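S.K.: First the structure, then my questions, so here it is.
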Amino acid sequence: MFSVIISILAPVLISVCIGFCWARSGRSYDTGLITSIVTYFGTPCLLFYTLSSVNLPPDALLEMGLAAILANIAFIVIGGLVLAIFRLPQRAYLQTLSFPNVGNVGLPLCYLAFGKEGLTLGVTFFAVFVIFQMTAGAAFVSGSFSPRVIVKMPIIPATILAAFFLFSGTQVPEWLYNTTKLIGDLTIPLMLITLGVSLSRLKVRRFKIPVFLSLLRLGMGFGVGVVLVSLLKLSGPAAGVVILQCSMPAAVFCYLFAQMYNQHPEEVAGIVFVSTALGFCLLPALLLYLL
């Protein structure tokens with residue numbers, strides 16, 4: 001079991017360390033460019049080829065989407081209540097409790113722990129959270145919402161196209177599958193390396209609130225994941241993916257939103273950094289529980 005856990009964690013940690021050390025050495029890394037490539041090309045292609053060619057029943061994917069929606073609602077309700085009790089600013093901190101890093105960290109772990117089936121289920125979970133984060137999440141932090149945000153999200157047409165092939169039983173043209181797979185396979189390593197670069201650039205000066213909310217993010221995530229698995233009667237890779245994705249640390253995008261809209265960026269950076277560090281420390285125990 002120890003060797004299995006190491007084989008799952010090593011690729012993730014090494015890839016993150018490559019990005020972290022690369023940035024710390026003073027070498028240039030265009031995070032904006034890489035993020036754009038991943039957002040507009042890599043992720044939609046990854047989502048399309050994994051969903052359109054999956055050998056899982058559509059009900060399993062719909063169930064995973066439902067789990068993601070319920071998890072998001074649970075995180076918002078629990079996080080909102082805790083922040084209200086401690087009188088902490090909702091617009092700054094609720095996103096860090098509501099949006100776990102289901103992309104940069106979650107997808108690689110789903111794939112390495114549960115294979116192609118885990119990646120497919122993880123991508124489904126990820127797609128729901130991305131849509132929530134980029135629409136409702138961004139609107140909440142900024143205090144405004146524009147329908148253009150939804151129109152500009154390439155992950156939505158990719159999901160619709162994949163659903164057409166999946167539910168109609170139509171065979172994906174080989175040229176389209178090979179193209180999307182080639183581009184989509186860039187996504188996970190680029191996500192991990194970019195995570196390392198982003199972590200190296202975070203400026204953390206205050207730790208009291210970040211430590212408290214980081215522990216809440218990880219503990220709440222695991223608890224909600226376990227409850228959802230029991231509630232939806234999930235088993236096997238589906239159960240593992242839900243608990244794994246719910247237990248991820250705060251997403252890096254939370255810091256970008258906080259910085260963009262001046263919502264306590266230093267404290268949010270601290271939550272992202274501390275929750276990621278604690279999350280990696282707790283990953284062996286989490287994987288031991290899941291496997």
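The values are calculated or read from the model by the stated rules, or taken from the named source; none is laboratory data. Model, not experiment: these values are computed from the prediction. Neighbour counts are summed over all protein chains in view; Cβ atoms, including those assigned to glycine, are modelled from backbone coordinates with ideal geometry.
S.K.: Does residue 268 count as at pLDDT below 95, β-branched (Val, Ile, Thr) and either in a helix (DSSP H, G or I) or surrounded by 16 or more Cβ atoms within 10 Å (Cβ to Cβ) (or both)?
M.R.: yes
S.K.: Please work out which one of (1) closer than 22 Å to residue 36 by Cβ; (2) of a type in the set (Gly, Ala, Ser); (3) in a loop (DSSP other than H, G, I, E, B) is the condition residue 139 fails and give its number.
M.R.: (3)
S.K.: Taking the range 203-221, which residues are among the hydrophobic types (A, V, I, L, M, F, W, C) and surrounded by 18 or more Cβ atoms within 10 Å (Cβ to Cβ)?
M.R.: Hits for the range 203-221 are 209, 213, 216, 218, 220.
S.K.: Within the range 239-262, can you find the residues that are surrounded by fewer than 23 Cβ atoms within 10 Å (Cβ to Cβ), outside any helix (DSSP H, G or I) and in contact with a helix residue (DSSP H, G or I) (Cβ under 7 Å, 6 or more places away or on another chain)?
M.R.: 261
S.K.: Of (1) modelled with pLDDT of 90 or more; (2) touching a helix residue (DSSP H, G or I) at 6+ places or on another chain (Cβ under 9 Å), residue 219 satisfies all except one. Which?
M.R.: It is condition (2) that residue 219 fails.
S.K.: If you take the residues in the range 83-119 that are among the β-branched types (Val, Ile, Thr) and touching a residue at least 12 places away in the same chain (Cβ under 8 Å), which one is farthest from residue 140 (Cα to Cα)?
M.R.: Of everything passing the filter in the range 83-119, 105 is farthest from residue 140 (Cα to Cα).
S.K.: Across the range 1-39, what is the number of residues that are within 20 Å of residue 184 (Cα to Cα), without any contact (Cβ under 8 Å) to a residue 12 or more places away in the chain and of a type in the set (Ser, Thr, Tyr)?
M.R.: Qualifying residue count, the range 1-39: 1.
S.K.: So the check is Cβ under 8 Å with 6+ separation or different chains; which pairs have a first residue in the range 249-270 that's in contact (Cβ under 8 Å) with a residue 12 or more places away in the chain and over 17 Å from residue 144 (Cα atoms) and a second one that's among the charged types (D, E, K, R) and crowded, with 24+ Cβ neighbours inside 10 Å?
M.R.: Listed by first residue and then by second, the contacts come to 249/217; 250/217.
S.K.: Within the range 182-192, can one find any residue that is more than 19 Å from residue 122 (Cβ to Cβ) and among the polar types (S, T, N, Q)?
M.R.: The answer is no; no qualifying residue exists.
Listed here are the residues, each with its yes/no results for (1) in contact with a helix residue (DSSP H, G or I) (Cβ under 6 Å, 6 or more places away or on another chain); (2) over 21 Å from residue 51 (Cβ atoms); (3) small (Gly, Ala, Ser); (4) surrounded by 24 or more Cβ atoms within 10 Å (Cβ to Cβ).
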site	(1), (2), (3), (4)
87	no, yes, no, no
90	yes, yes, no, no
97	yes, yes, no, yes
102	yes, no, no, yes
105	no, no, no, yes
112	yes, no, no, no
117	yes, no, no, no
124	yes, no, no, yes
128	yes, no, no, no
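S.K.: If you don't mind, there's one more thing I want to ask. Assess whether residue 124 counts as being under 26 Å from residue 4 (Cβ atoms) and either under 16 Å from the mean Cα position of the chain (by Cα) or part of a helix (DSSP H, G or I) (or both).
M.R.: Against the criterion (under 26 Å from residue 4 (Cβ atoms) and either under 16 Å from the mean Cα position of the chain (by Cα) or part of a helix (DSSP H, G or I) (or both)), residue 124 qualifies.
S.K.: Okay, moving on. Among the residues of the range 160-186, what is the count of those that are at pLDDT below 90 and either surrounded by 21 or more Cβ atoms within 10 Å (Cβ to Cβ) or within 30 Å of residue 28 (Cα to Cα) (or both)?
M.R.: Going through the range 160-186 one residue at a time, the tally reaches 1.
S.K.: Would you kindly identify the helices (runs of 4 or more DSSP H) lying entirely within the range 1-113 that contain at least 1 residues that are closer than 30 Å to residue 171 by Cα?
M.R.: Because the criterion is at least 1 residues that are closer than 30 Å to residue 171 by Cα, the helices (runs of 4 or more DSSP H) in the range 1-113 that meet it are 31-37, 43-52, 58-85.
S.K.: Another one. So residue 40 ticks every box in (1) closer than 15 Å to residue 198 by Cα; (2) under 17 Å from the mean Cα position of the chain (by Cα); (3) among the aromatic types (Phe, Trp, Tyr) but one. Which box is left unticked?
M.R.: Result: residue 40 passes all but (1).
S.K.: Based on this model, can you work out whether residue 278 counts as in contact (Cβ under 8 Å) with a residue 24 or more places away in the chain and over 18 Å from residue 97 (Cα atoms)?
M.R.: no
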